[in-house]
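Have a look at the structure below before the remarks.
Only the coordinates and a few stated rules stand behind these numbers; no lab work does. Here the structure is a predicted model, which means the values were calculated and not measured.
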Amino acid sequence: YLSVLHRSLGIDSEKASLASTETTANNGMKVNPNSALSNQNFQEPPISSNLNGPNSAVPRFIAKPADLLITSTPSGAEIYLDGVNTERVTPSKIQVPGNEKFSISLRRSGYIEYQRQDLLKSEVGIKLSATLQKALVGYLNIDVIPPRAAKVYINGQRLSGELLPIFNYAVPAETWITVRAEEPIGSLYAEEKVLVSRDQKKNVRLYLKKRGKSRR
């Protein structure tokens, strides 16, 4: 019985000695197998505290476009969103940014342009109503004889894209307007000053002639 016990103790002693040998470094220092020193190539990855950086896993919240009803008195005004024509007229429902600022402009002939800047959907709500103010304007029907390649100017501003004769061209009322036509090839010229009342329509016919020396 004792010999069996001694043999058992001898085996246990050998296991303990082997474990002690395996955990002893080459320089004689004992190393804990569970210590990080047992594997010096292993490093814990750094933890970034910048949750808003470019590599952040936190997504940025972007609200979807929201519907906004635009109405005006009178109706029929063109709706512009951030300066771009929406191809809709009042009353109409358009989509606006859900959480960003935007601008709305309403344009109708004979009325002062209506503008609202730095709007937020959360502040405007579901509907934006506008009352348009009638502009102080009159209208000109302009014809040039002979038309040829004449260029027409009103108060020094060329009317680009207009084909002669021009009808119902809106101009400021109750003030003098200078209408000029030029045909550069033949050095032809004509000019007339007119005064129109509010909502009045007036015909202007310009007869081209040679430019005088006094106009050079």
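Could you state the number of Å between the C-alpha centres of segment 72-122 and segment 158-185? Using only Cα atoms, the two centres lie 29 Å from each other. Rg/Rh, computed from the Cα trace of segment 57-177 with Rh as the Kirkwood radius, has the value 1.15.
Remark on Ser187: its backbone amide H falls under 5 Å from none of the residues 5 or more positions apart or on other chains, H modelled at 1.01 Å from N. Here the scattering of segment 137-215 is modelled by Debye summation over its C-alpha atoms, one equal scatterer each and no solvent; at q = 0.21 Å⁻¹ the log10 of I(q)/I(0) is -0.90.
For segment 66-131, the equivalent ellipsoid derived from the Cα gyration tensor has semi-axes of 18, 11, 10 Å, listed largest first.
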